[in-house]
Amino acid sequence: MEIIVSPLAAVQLLVNRHKVSHVVSLLGPETPHRSFSGIADDHHLKLTFHDITAPAEGLTAPASDHVEQLIAFLTTRQGQGDAPMLIHCWAGISRSTASAFTAMCLYNPDADEYQLAQQLRSLSHVATPNRRIVAFADDMLGRQGRMVDAIDAIGRGEDAYEGVIFQWKV
């Protein structure tokens, strides 16, 4: 299986091109979730929160229940064949890369978090995984702070309006 990470604008094209079976959408409350042709409702996780790393008045921060839903969806997806899964947010830079990193840590429980973070950086020079999402996932996956430390070690990606579309082999 592979994980494809992209901005919202490229999702339907990638679903069609790669015969994607599952989609994770991470969008802010101001952006309506879309349905994608070829993706069944039960194969599409739609999470709604802003791309922020700390609570802020008037904004919806990623919460532990969002990450619990993500991990539950990823766990269910694990046993459903080799078709690619696509993870996207608005730009494909922060929420989606944090979620892809979470998936890679979940699917590779014995893998070194630093090596996975370095793989992420090699796939996308603009990836800036949302630290709050990673922190919740780190706790839930029992990684004892190593996921957060690994993301901190790769640092912020280069500034960009839109992320790099990439494929990450599980």
By average C-beta atoms within 10 angstrom, highest first, the peptides 31-43, 132-144
132-144, 31-43
I'd like to check one number: the per residue accessible area of the chain, probe 1.4 Å, reported in Å² as a whole number.
46
Report, to the nearest whole %, how much of the accessible area of the stretch 93-170 belongs to carbon and sulfur atoms, 1.4 Å probe, protein only.
46
Based on Cβ point charges of +1 for Lys and Arg and -1 for Asp and Glu, what charge dipole magnitude is obtained for the stretch 19-63 about its Cα centre, in debye rounded to the nearest 20?
220
Can you tell which of Gln115, Leu74, Ser35 lies farthest toward the positive end of the dipole of the chain, using +1 and -1 charges on the Cβ of basic and acidic side chains (Lys, Arg; Asp, Glu)?
Ser35
Inverse mean reciprocal Cα-Cα distance (Kirkwood Rh) of the stretch 83-129, Å:
10.9
Sticking with the crude label model, points 7 Å out along Cα→Cβ, report the distance from Arg156 to His125 in nm, one decimal please.
1.8
Mind telling me which of Ala150, Ala111, Ala91 comes out most flexible in a GNM of the chain, alpha-carbon contacts under 10 Å?
Ala111
Can you give the charge dipole size of the stretch 44-170 about its Cα centre, rounded to the nearest 20 debye, using +1 on the beta carbon of Lys and Arg and -1 on the beta carbon of Asp and Glu?
200
To the nearest whole percent, what portion of all C-alpha pairs in the stretch 104-170 is separated by more than 19 angstrom?
29
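The values are calculated or read from the model by the stated rules, or taken from the named source; none is laboratory data. Just so it is clear, the model here is predicted, and its values are computed rather than measured. Quick reminder, even Gly has a Cβ in these numbers, built from the backbone with ideal geometry, and neighbours come from all protein chains shown. Remember, those area values only see protein heavy atoms, side chains included, never the ligands or the DNA or RNA. Shrake-Rupley method; radii C 1.70, N 1.55, O 1.52, S 1.80 Å.
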